[in-house]
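Visitor: This is the structure, below, for whatever I ask next.
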Amino acid sequence: MADLTVGIEAIDAQHTKLLTLVAEIAVQGRTPGPGARHEERLGALASKVQEHFTTEGSLMRKHLFTGVEPHEEAHRSFLATFAGLRQDLLAARESAPMTERFEALVGGWLELHIDGYDKVLARFLREKGER
């Protein structure tokens, strides 16, 4: 796996929490049971995602980051995908197959986004004095 630290303390802490929640959902989903048992963690993940995207958006605007539009479009796209996957997982009678899909898509998207968009943003923010 790629190094997913970006060098901005608040963003790195948020990334860690997001990836931890995805991993917890995946672990819980490997045992038999209905998707509804994931409701608490999915709610926590949704809340943390929104918090994280708000943090990034605020920093991009504060420092006049020129890549704000494509970065935020990636966030909007993720939120739409996440909403559908969340609904599908909660509705699943048996969550294991859906949890695997959720982990691959959500975890995979986060890793790619961090390794791409967020590292570019972080380099810019560090040049502006953010740590």
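Visitor: Listed residues Phe65, Phe53; which is within 16 Å of Asp118 (Cα to Cα), assigned to a loop (DSSP other than H, G, I, E, B) and touching a helix residue (DSSP H, G or I) at 6+ places or on another chain (Cβ under 7 Å)? Can you show your working first?
Guide: Working: Phe53 fails: assigned to a loop (DSSP other than H, G, I, E, B).
So the residue among Phe65, Phe53 that is within 16 Å of Asp118 (Cα to Cα), assigned to a loop (DSSP other than H, G, I, E, B) and touching a helix residue (DSSP H, G or I) at 6+ places or on another chain (Cβ under 7 Å) is Phe65.
Visitor: So in the stretch 1-34, with the set limited to residues that are charged (D, E, K, R) and part of a helix (DSSP H, G or I), which one is nearest to Glu100 (Cα to Cα)?
Guide: Going through the stretch 1-34, the residues charged (D, E, K, R) turn out to be 3, 9, 12, 17, 24, 30.
Going one step further and asking which of them are part of a helix (DSSP H, G or I), we end up with 9, 12, 17, 24.
Numbers: Glu9: 30, Asp12: 25, Lys17: 19, Glu24: 12 Å.
Here the residue is Glu24.
Matching residues to (1) closer than 17 Å to Thr16 by Cβ; (2) buried (at least 17 other Cβ atoms within 10 Å of the Cβ); (3) touching a residue at least 60 places away in the same chain (Cβ under 8 Å):
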site	(1), (2), (3)
Arg30	no, no, yes
Gly43	no, no, no
His52	yes, yes, no
Glu69	no, no, no
Ser77	no, no, no
Asp88	no, no, no
Arg93	no, no, no
Ala96	no, no, yes
Asp118	yes, yes, yes
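Visitor: Also, I was wondering about something else. Say whether the condition of being of a type in the set (Gly, Ala, Ser), part of a helix (DSSP H, G or I) and modelled with pLDDT under 95 is met by at least one residue in the stretch 79-86. Before you say what the answer is, go through the steps one by one.
Guide: First pass over the stretch 79-86, keeping only residues of a type in the set (Gly, Ala, Ser): 80, 83-84.
If we keep only those that are part of a helix (DSSP H, G or I) too, we end up with 80, 83-84.
From what's left, modelled with pLDDT under 95: none.
No, the stretch 79-86 contains no residue that is of a type in the set (Gly, Ala, Ser), part of a helix (DSSP H, G or I) and modelled with pLDDT under 95.
Visitor: Quick one: Ala2 ticks every box in (1) at pLDDT below 95; (2) of a type in the set (A, V, I, L, M, F, W, C); (3) surrounded by 12 or more Cβ atoms within 10 Å (Cβ to Cβ); (4) over 28 Å from Glu94 (Cα atoms) bar one, so which box is it?
Guide: Every listed condition holds for Ala2 apart from (3).
Visitor: Sort through Met60, Met98 and tell me the only one that's within 20 Å of the chain's Cα centre (by Cα) and at pLDDT below 95.
Guide: Met98
Visitor: Oh, and also: Is it fair to say Glu73 is part of a helix (DSSP H, G or I), without any contact (Cβ under 8 Å) to a residue 12 or more places away in the chain and among the acidic types (Asp, Glu)?
Guide: On the way: part of a helix (DSSP H, G or I): yes; without any contact (Cβ under 8 Å) to a residue 12 or more places away in the chain: yes; among the acidic types (Asp, Glu): yes.
It is true that Glu73 is part of a helix (DSSP H, G or I), without any contact (Cβ under 8 Å) to a residue 12 or more places away in the chain and among the acidic types (Asp, Glu).
Visitor: To continue, here is another question. Collect the residues in the stretch 120-131 that are surrounded by fewer than 16 Cβ atoms within 10 Å (Cβ to Cβ) and of a type outside the set (Asp, Glu), keeping them in residue-number order. Talk me through it step by step, then tell me what you get.
Guide: Within the stretch 120-131, the subset surrounded by fewer than 16 Cβ atoms within 10 Å (Cβ to Cβ) is 120, 123, 126-129, 131.
Those that are surrounded by fewer than 16 Cβ atoms within 10 Å (Cβ to Cβ) and of a type outside the set (Asp, Glu): Val120, Arg123, Arg126, Lys128, Gly129, Arg131.
Visitor: A further question on this structure: Limited to the stretch 93-131, what total is found for residues that are closer than 13 Å to Ile11 by Cα, assigned to a helix (DSSP H, G or I) and not hydrophobic (A, V, I, L, M, F, W, C)?
Guide: So the answer is 7.
Visitor: Among the listed residues Gly107, Gly35, identify the single one that is farther than 19 Å from Ala2 by Cβ and touching a helix residue (DSSP H, G or I) at 6+ places or on another chain (Cβ under 7 Å). Even if it seems obvious, please write down each step before you answer.
Guide: Details: Gly107 fails: farther than 19 Å from Ala2 by Cβ.
Answer to the selection: Gly35.
The values are calculated or read from the model by the stated rules, or taken from the named source; none is laboratory data. Just so we're clear, the structure is a prediction, and the values are computed from it rather than from any experiment. When we count neighbours, we look across all protein chains shown, and the Cβ atoms used for this are built from the backbone with ideal geometry, even at glycine.
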